[in-house]
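Working notes for the structure below.
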Amino acid sequence: MVIHARHQSAMKYFEYLMLTSTKDWLELYTEWEEKKTVELGLALISPRIFKQYLSIDDFTQFQHSTQHVRNFSTRSAGHSVCNSFKLWNYYCPLARMDDNALVPDHLFPYAEGGPTIAENCIWLCRTHNTMKINDIHVYPWEEYPPWLDNMLKNRKKFYETRIRNFL
Ligand SMILES: [Zn+2]
């Protein structure tokens, strides 16, 4: 059986995610600084890690301040094709399908810590968007997200000022 390289990255990501519940966040952050692996970096921004230390209101505020609002504005113009190739390696054959308008979505899911910014946006037709939802197995792990380093630095600051005192 052929296992796609992205699936292996997804597995690595889940393994790191599990580590965050047993290992100190800052210790893992130091490990990321040395290795700079996408899988570890993305595991370290998981909202789940921070949610447990915050009230619902504080968590919502925290999420908005680092990931921005939940949804992309559909008014951003200039996109006329479904970008299915980036995720599944084939061009969308559904262009002329009725009721299949293009929608902007998070490349790395918002629920997993992905920000609502242009660099983390992918336009897909409604059908492909429904297929993707929060599936990180199709995420392009081979590309280093341009926003990840800054996001991690902010999380580190947050961890040091808010959470370390809490522990
Ligand atoms: Zn499509």
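The values are calculated or read from the model by the stated rules, or taken from the named source; none is laboratory data. Please read these numbers as outputs of a predicted model, since none were measured by experiment. Please note: Cβ atoms are built from the backbone with ideal geometry, for glycine as well, and neighbour counts cover all protein chains shown.
Filtering Asp98, Asp105 for residues that are modelled with pLDDT under 95, assigned to a loop (DSSP other than H, G, I, E, B) and out of contact with any His (no Cβ under 8 Å at 6 or more places or on another chain) leaves a single hit, Asp98. For beta carbons closer than 7 Å, sequence separation of 6+ or different chains, a first residue in the stretch 79-102 that is touching a residue at least 12 places away in the same chain (Cβ under 8 Å) and of a type in the set (Lys, Arg) and a second that is part of a loop (DSSP other than H, G, I, E, B) and more than 10 Å from the ligand (Cβ to nearest atom), the qualifying pairs are Lys86/Pro140.
Residue count for the stretch 142-157 satisfying the condition of being closer than 13 Å to Pro47 by Cα and under 12 Å from the mean Cα position of the chain (by Cα): 1.
When you go through (1) surrounded by fewer than 17 Cβ atoms within 10 Å (Cβ to Cβ); (2) part of a helix (DSSP H, G or I); (3) out of contact with any Pro (no Cβ under 8 Å at 6 or more places or on another chain) one by one for Ser21, which number turns out not to apply? Result: Ser21 fails condition (2) only. The residue of the stretch 121-147 that is surrounded by the fewest Cβ atoms within 10 Å (Cβ to Cβ), among those that are more than 16 Å from Leu94 (Cβ to Cβ) and within 16 Å of the ligand (Cβ to nearest atom), is Ile133.
Every residue, every condition in (1) at pLDDT 95 or above; (2) in contact with a strand residue (DSSP E or B) (Cβ under 9 Å, 6 or more places away or on another chain); (3) assigned to a helix (DSSP H, G or I), yes or no:
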site	(1), (2), (3)
Leu28	yes, no, yes
Glu33	yes, no, yes
Ile45	yes, no, no
Leu54	no, no, no
Ser65	no, no, yes
Gly78	no, no, no
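If only residues of the stretch 110-145 that are in contact with a Lys or Arg (Cβ under 9 Å, 6 or more places away or on another chain) and free of Cβ contacts under 8 Å to residues at least 60 places away in the same chain are counted, the one that is farthest from Lys35 (Cα to Cα) is Leu124.
Considering only residues of the stretch 101-120 that are surrounded by fewer than 18 Cβ atoms within 10 Å (Cβ to Cβ) and farther than 15 Å from Ile45 by Cα, which is nearest to the ligand (Cβ to nearest atom)? This residue is Ala101.
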